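**Q** The structure follows.
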Amino acid sequence: ALALRFAARGFDLTLAARNTAALAATVAAVAQTGDEQTQQRATAHATDVTCPDAVATLVSVHLARCAGLDVLVVCAGAGHHGLCTDNDLQVHRALMDLNYFGALHCIQAALPALLDRDDASPLAAGRILAIGSVSGEVGLPLRSAYCASKHALSGYLESLDREMAMRHLPLKVTNVAPNSVNTGFHKQGRRGAPPKMTADECADKCMAAFDSG
């Protein structure tokens, strides 16, 4: 949903995920919209963000195709439902590895390019749009491991944003905190009834937050 919105605005997209079938479907969806120029805007690169080397390769692949990097969208994540007393350390480590360290790998690999601005860049500052969660703002029952990973991400992003402002560097951070969204994420998290917010509704709210800075 976010890929379609950024493509419609004229951005060239390098899409990354472990699910190659989903990547191919998104590239095809972008190709079905707009004119011939828009159809060429998206390419896909299979990536596991828990692997720093894979993320570094992803950034290199993008920069080899495009002149620079204007926006990094950080949205890889997984959930978990379980009692605090039942969660073993492996659950916590796995969610931190993906939800926090996966995002950190992406941000650190992309920062040099995001900060390397020139007159040809359509944006005055590099941008990070992170898909956080309400669970990153409030501790919720049955989600201790997930909440902890999203709290870590929120804390890092707030520190990063303030540091960039303090040093007068051209980077702005937007961390959105949606409630539950009806995607495959909740099947992985073993949630019961599906959430009511659709991916399109969430994407519209994310873009509104992105635009407002």
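The values are calculated or read from the model by the stated rules, or taken from the named source; none is laboratory data. Computed from a predicted structure; not experimentally measured. Cβ: placed from backbone, ideal geometry, glycine included. Neighbour counts: every protein chain shown. Ligands, DNA and RNA are excluded from the accessible area calculation, which covers all protein heavy atoms including side chains. Shrake-Rupley method; radii C 1.70, N 1.55, O 1.52, S 1.80 Å.
**Q** With springs only between Cα atoms under 10 Å apart, run a GNM on the chain and tell me which of Asn182, Asn19, Asn99 wobbles the most.
**A** Among Asn182, Asn19, Asn99, the largest mean-square fluctuation in the Gaussian network model of the chain belongs to Asn19.
**Q** Further, regarding this structure: Using the Cβ atoms and a cut-off under 13 Å, what net charge is assigned to the surroundings of Lys150, where Lys and Arg are +1 and Asp and Glu are -1? Numbers along the way, then the final one.
**A** Working: positive: Arg143; negative: Glu137, Glu158.
Local net charge: -1.
**Q** Between Val74 and residues 5 or more places away or on another chain, which pairs have amide H atoms under 5 Å apart, with H built 1.01 Å from N, and which residues are they?
**A** Leu129, Ala130, Ile131
**Q** So, with +1 on the Cβ of K and R and -1 on the Cβ of D and E, and no other charges, what is the size of the charge dipole of the chain about its Cα centre, to the nearest 20 debye?
**A** 460
**Q** For the full complex of protein chains and a 1.4 angstrom probe, list Phe101, Phe210, Phe11 by accessible area with the highest value first.
**A** These residues rank, largest area first, as Phe101, Phe11, Phe210.
**Q** Residues of the chain: accessible area per residue at 1.4 Å, in Å²?
**A** Per-residue accessible area for the chain comes out at 53 Å².
**Q** While we're here: Quick one: check the C-alpha center-to-center distance for region 71-102 versus region 165-182, whole angstrom.
**A** 19
**Q** Using helices alone, what [θ] at 222 nm do you get for the chain, with -39,500 (n - 2.57) per DSSP H run of 4 or more residues, divided over all residues and rounded to the nearest 500?
**A** Roughly -14000 deg cm²/dmol at 222 nm, from the helical runs in the chain.
**Q** Would you please calculate the Kirkwood hydrodynamic radius of region 1-109 over all C-alpha pairs and express it in Å, rounded to one decimal? Numbers along the way, then the final one.
**A** On the way: mean 1/r = 0.0658 Å⁻¹.
15.2 Å is the Kirkwood radius here.
**Q** Can you give me the span-like helices of the chain, meaning DSSP H runs with 15 Å or more of Cα extent along the axis and Kyte-Doolittle mean at or above 0.5?
**A** Details: long enough: 20-31 (16 Å, 1.95); 52-65 (20 Å, 0.81); 103-115 (17 Å, 1.62); 144-166 (33 Å, -0.15); 199-212 (20 Å, -0.13).
The answer, listed by residue number, is 20-31, 52-65, 103-115.
**Q** Quick one: grab Rg to one decimal and Dmax as a whole number for the chain, Cα atoms only, in Å.
**A** Expressed in Å, the Cα Rg and Dmax of the chain come to 17.1, 55.
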